[in-house]
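**Student:** The structure is given below, and queries will be raised subsequently.
The values are calculated or read from the model by the stated rules, or taken from the named source; none is laboratory data. As the structure is a computational prediction, the values presented were derived from the model and not from experiment. Cβ coordinates were reconstructed from backbone atoms using ideal geometry, including for glycine residues, and neighbour counts include every protein chain displayed.
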Amino acid sequence: MFGAQTALNGVSFEAKKGEVIGFLGPNGAGKSTMMKIITGYIPCNSGKVSVCGFDVNEKPLEVKRRVGYLPEHNPLYTDMYVREYLTFAGSLHGVKNLKSRVEEVIALVGLTPEAHKPIQQLSKGYRQRVGLAQAIIHDPEVLILDEPTSGLDPNQIADIREIIIQMGKEKTVLLSTHIMQEVEAMCSRVVIISKGNVVANAPVSELMASDQKLEQIFKELTTK
């Protein structure tokens with residue numbers, strides 16, 4: 001709750017390994033709040049959240065070891081160089097063979113041409129790649145991605161989409177976006193919330209079995 005306002009109301013769902021779940025809802029529905037609770041960024045007033053078997057409130061450090069988080073507003077130390085920043089992020093997680101892991105992640109997210117630059121000199125698209133790189137530097141079991149393709153051009157979106165699809169084969173990915181085409185392209189399942197309540201939790205194929213577009217289904221479920 002935020003004061004007298006209930007941000008989330010009995011939201012319940014399960015995410016499994018090998019799933020990319022689209023976590024959808026209109027602005028103000030509670031998506032970012034839920035993601036912050038899962039990552040231990042903010043506490044919940046009631047209920048229980050477990051990540052990889054660890055209670056978020058009781059074992060926050062165990063959860064943080066297993067979660068990679070890319071917030072909607074990508075916070076970066078822009079005066080640092082790309083490699084310097086990723087080395088710093090990796091050291092916080094105690095990553096072994098850190099130098100080689102940094103180079104591996106730089107290549108994975110397509111940062112190689114810009115890796116020698118200060119972050120403040122990068123375009124928004126490349127800054128987003130840096131944010132994604134720090135989220136996966138410690139090879140987490142769970143990825144929480146809040147609007148990961150926001151502000152990117154079509155080529156950058158395609159690149160990031162492919163990276164997420166590949167990571168989703170081995171990890172649990174919870175992905176928030178307003179772009180329904182992204183959900184159709186990347187997600188196996190969709191959880192839709194509206195006014196803090198779950199209004200849908202189903203495979204994408206099941207939701208679209210009626211030949212309706214996902215955008216239309218989303219509108220109908222969130223404007224009641």
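**Student:** Just for segment 47-85: of the residues that are in a helix (DSSP H, G or I) and touching a residue at least 24 places away in the same chain (Cβ under 8 Å), which one is farthest from V102 (Cα to Cα)?
**Tutor:** Among them, the one singled out is V63.
**Student:** Right, next: Hey, could you check segment 21-80 for residues that are among the basic types (K, R) and over 30 Å from E220 (Cα atoms) and say which is surrounded by the most Cβ atoms within 10 Å (Cβ to Cβ)?
**Tutor:** K64
**Student:** Which is β-branched (V, I, T) and under 15 Å from the mean Cα position of the chain (by Cα), of V95, V67?
**Tutor:** Going through V95, V67 in turn, just one is β-branched (V, I, T) and under 15 Å from the mean Cα position of the chain (by Cα): V67.
**Student:** Return a yes/no flag: does segment 87-99 have any residue that is under 24 Å from T177 (Cα atoms) and surrounded by 15 or more Cβ atoms within 10 Å (Cβ to Cβ).
**Tutor:** no
**Student:** Here's something else I'd like to know. Can you tell me which residues in segment 185-222 are of a type outside the set (A, V, I, L, M, F, W, C), surrounded by fewer than 20 Cβ atoms within 10 Å (Cβ to Cβ) and under 16 Å from G18 (Cα atoms)?
**Tutor:** Across segment 185-222, the qualifying residues are S188, P203.
**Student:** Just the residues that are within 11 Å of V109 (Cβ to Cβ) and in contact (Cβ under 8 Å) with a residue 24 or more places away in the chain, please, taken from segment 126-147.
**Tutor:** Correct list: Q128, R129, V130, G131, L132, A133, Q134, A135, I136, I137.
**Student:** Name every residue in segment 109-123 that is outside any loop (DSSP other than H, G, I, E, B) and in contact (Cβ under 8 Å) with a residue 40 or more places away in the chain, in order of residue number.
**Tutor:** P118, I119, Q120
**Student:** Scan segment 177-224 for residues that are among the hydroxyl-bearing types (S, T, Y) and modelled with pLDDT of 90 or more and jot them down.
**Tutor:** S188
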